[in-house]
Structures are given as structure tokens and as C-alpha cells.
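Before any comments, here is the structure.
The values are calculated or read from the model by the stated rules, or taken from the named source; none is laboratory data. Bear in mind that the values here come from a model prediction, so they are computed numbers and not experimental data. Every residue, glycine as well, gets a Cβ built from its backbone with ideal geometry; the counts of neighbours run over all protein chains shown.
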Amino acid sequence: MHKILILAGAVLGAATISLPPAAPLQAAPVQLAQTVPAELQPSADDHVMGNPDAAVTIVEYASMTCPHCADFHTQVLPELKKKYVDTGKVRFVYRDFPLDQIALQAAQISECSGKDRYFAVVDVIFRTQAQWAANKDPIAELGKTLRIAGITEADIKTCIADQKLATTIVTERQVGEKAGVNATPTLFINGQRWNGARTVEALDEALGKLIK
């Protein structure tokens, strides 16, 4: 899990963030929250997969340059989606929590892709993270990958130049901070922070207690 030691600054200018090794997570029981905090309630602006009336809602905060987030999206989420989201048992909400300027720009690009292909683009970004994030020009490298999704270099330049969009994403991060997010990825299950392992097995056990 990526922990934040120095808060990202203004929308413009790269953030300086030190990321120490992940600390061991202690599993904790998840219960159905009586009252979900306002900042964790899904809104019309959220990107949501699954049944809006599902008994369980998972909210994830992630950064597109976070390797732990990429692991979750490529190794864990597909199985959770198949077992719980696609079957109508869980509603999954994805929110951006950029740890640096590159993550912010990648989040802008995914937003510009449109609602219909948003999650497909997010999936491509995480699956190819190892190739583009470490490149000397990461956004240009990401752009090469996203051409298969019909996103052109001109589209990317226009999107990154959209400071209103950048501000919206930074505001989304600030909402996460208000909810107590200080690392990525962070999951909330029915309004309660999940402090257990981010594995299919651990989440299976937690969700099994909530889904009848």
C-alpha cells in the first residue's frame, strides 16, 4: 500500500511524495454500517459498476501510478467483479486519489474517455502501468497504448490542458482525505474502511458475511 507522507500541492506542479514499504495489514470484521458518511455515499458524478440497489457497496480510492493499485486491479478486482458485481450483489465505486502529477494526468485522460469506456480505459492504464509509468515521458508512452482505444495525441493534450477537470479530480482526492484516506489503494465496504488483506480470499470472507 502506498502511504502519503507529503500531501500533493497545487493542481499545477509535480507533487513530492515519499512512499515507504507497505506495513502489514490487520484484518478487521466488516459490518453493515448504520450510517454511511456523506463523503462515501455514491453520487451522480461517480464511476460505478454493478447494481445500484446492491446490499453492499465498495468504494475504492486509487492512484494510477501506484503499483499496489495496479496489482489490485489486475489480480483481485476481475475475480470480485465476476463473483459479486456482475451478479448484482455488490456495487463498486472507483475514485481517483492521485499521488503525483503523472497520476493526475492519467486520471484526466481516463475521465476524457467518456462514461461508456471509462472502466475499459482504467483497466488498460493499470495493466500497462509497468511499461508507461517508469518511462522518461510517461504520458507520451501511455498515449501510445491508448491509441487502441481511439484516444489520440490531440485528445490527450486537450484533456491534460483542462484545468477545470484537474481541479475536479484534486477535489475528489480531498474528499477522500476527509474520509480518512492516507494510502492507496484504500477500500471502504458499506462505509467502513477495510484494513484486511486486499486478496480475493480475504474479501470473499468479508463479503460472505454481508451478502445473504
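A few comments on the model shown:
- Taking the stretch 56-77 as the range and being aliphatic (A, V, I, L, M) and outside any loop (DSSP other than H, G, I, E, B) as the test, the residues that pass are V56, I58, V59, A62, A70, V76, L77.
- Residue in the stretch 15-26 that is β-branched (V, I, T), touching a Phe, Trp or Tyr at 6+ places or on another chain (Cβ under 9 Å), part of a loop (DSSP other than H, G, I, E, B) and modelled with pLDDT under 95 present: no
- The set of residues in the stretch 180-192 being of a type in the set (G, A, S) and surrounded by 18 or more Cβ atoms within 10 Å (Cβ to Cβ) consists of A183, G191.
- Test: residue in the stretch 39-51 that is more than 22 Å from A197 (Cα to Cα), hydrophobic (A, V, I, L, M, F, W, C), at pLDDT 90 or above and assigned to a loop (DSSP other than H, G, I, E, B): yes
- Options Y118, Y61; residue that is of a type in the set (S, T, Y), within 19 Å of V170 (Cα to Cα) and in contact with a His (Cβ under 6 Å, 6 or more places away or on another chain): Y118
- Residue list for the stretch 84-109, restricted to those being touching an Asp or Glu at 6+ places or on another chain (Cβ under 8 Å), crowded, with 21+ Cβ neighbours inside 10 Å and among the aromatic types (F, W, Y): F92, F97
- Exactly one residue out of Y94, Y84 is farther than 16 Å from V121 by Cα, among the aromatic types (F, W, Y) and not in a loop (DSSP other than H, G, I, E, B), and it is Y84.
- Scanning the stretch 140-171 for residues that are crowded, with 18+ Cβ neighbours inside 10 Å and touching a Phe, Trp or Tyr at 6+ places or on another chain (Cβ under 8 Å) yields a single hit, L142.
- Residue satisfying all of: in the stretch 147-176; charged (D, E, K, R) and touching a residue at least 40 places away in the same chain (Cβ under 8 Å); farthest from H73 (Cα to Cα) among these: D162
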